[in-house]
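Each reported figure results from applying straightforward, stated rules to the coordinates on display, with no laboratory input. It should be emphasised that the depicted structure is a prediction, and the values quoted were computed from it without experimental measurement. Positions of Cβ are backbone-derived with ideal geometry, glycine not excepted, and every protein chain shown enters the neighbour counts.
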């Protein structure tokens, strides 16, 4: 996808039990490919003392057991691995999520359409024609930050966040989209709703439906009941 970003990778110690490895200073597919490649390499190598790792937009935080590793040696190993510049060799799962765009579930859709100079239906068409990339999970369990929102639909967050956003709400902010997995406060603009569960605490292997590296598309449906059907997935 491209060479390394000047000045990166770099390693930051977070106390004695974690390190963050940074691959760039912004949000970009080529940087995220290195994030995912590094995470995949950690899974393959199973370095002694490494407990888990958390990929983000441009970095990976590696949690370690300080009683089982020599910090200086592990830090050198992590930086050497990052400098190999591995990139993700396989994309994640492709998910097709059904969404109902009825007015009661899309309170911000008229404002987005007016701001972008588009008809309401055109906003929905562009959303559903886009394949988003899951960059990271954060904010809430199962909340995936989805990059790739068309520039024509870019809008800032609400000036005043809502005290409650219903679970399943499809929302946008900046160049990102997301689905709220739980009822929560939120300042993103709400454009629709799905009934698909984004997080299942009973699934120990993969409680979150989405993972970094997954690809996500939305499919417009006529009702919230239809939007609760099983999510479609392809390898």
How much mean residue ellipticity at 222 nm does the chain get from its helices, if each DSSP H run of length 4 or more adds -39500 (n - 2.57) and you divide by all residues, to the nearest 500 deg cm²/dmol? -6500 deg cm²/dmol
Set of region 2-39 residues, backbone N closer than 20 Å to the point 7 Å along the Cα-Cβ line of residue 72: 11-20
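I want to verify the translational diffusion coefficient of the chain in µm²/s; compute it with Stokes-Einstein, Rh as the Kirkwood radius over Cα pairs, at 37 °C and 0.692 mPa s.
Working: Rh = 19.0 Å.
Rounded to a whole number, D works out at 173 µm²/s.
Fewest Cβ neighbours within 10 Å first, please rank 193, 10, 68 accordingly. Can you show the working numbers first?
Working: 193 25, 10 14, 68 11.
Ascending number of Cβ neighbours within 10 Å: 68, 10, 193.
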What is the spin-label model distance, in nm, from residue 104 to residue 41 if the labels are put 7 Å beyond Cα along the C-beta direction? 5.2
Helix 29-45: inclination vs the chain longest Cα principal axis, degrees, rounded to 10, gives 50
Taking the alpha carbon gyration tensor of region 94-234, what are the square roots of 5 times its eigenvalues, largest first, to the nearest whole Å? 22, 16, 15
Quick one, what does Rg over Rh come out to for region 10-83 if you take C-alpha atoms and the Kirkwood Rh? 0.95
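At a Förster distance of 22 Å, what's the computed FRET efficiency of residue 182 paired with residue 162, Cβ-Cβ distance as r, to 0.05? Could you put the intermediate results ahead of the total?
Working: r = 14 Å, r/R0 = 0.62.
Taking R0 as 22 Å, the efficiency between residue 182 and residue 162 is 0.95.
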Between residue 61 and residue 91, with labels modelled 7 Å along Cα→Cβ, what's the label distance in nm to one decimal, could you check? 2.9
Förster radius 25 Å - calculated FRET efficiency between residue 20 and residue 151 (Cβ-Cβ, nearest 0.05): 0.25
For helix 120-129, what angle does its Cα long axis make with the longest principal axis of the chain, in degrees from 0 to 90 and rounded to 10? 30
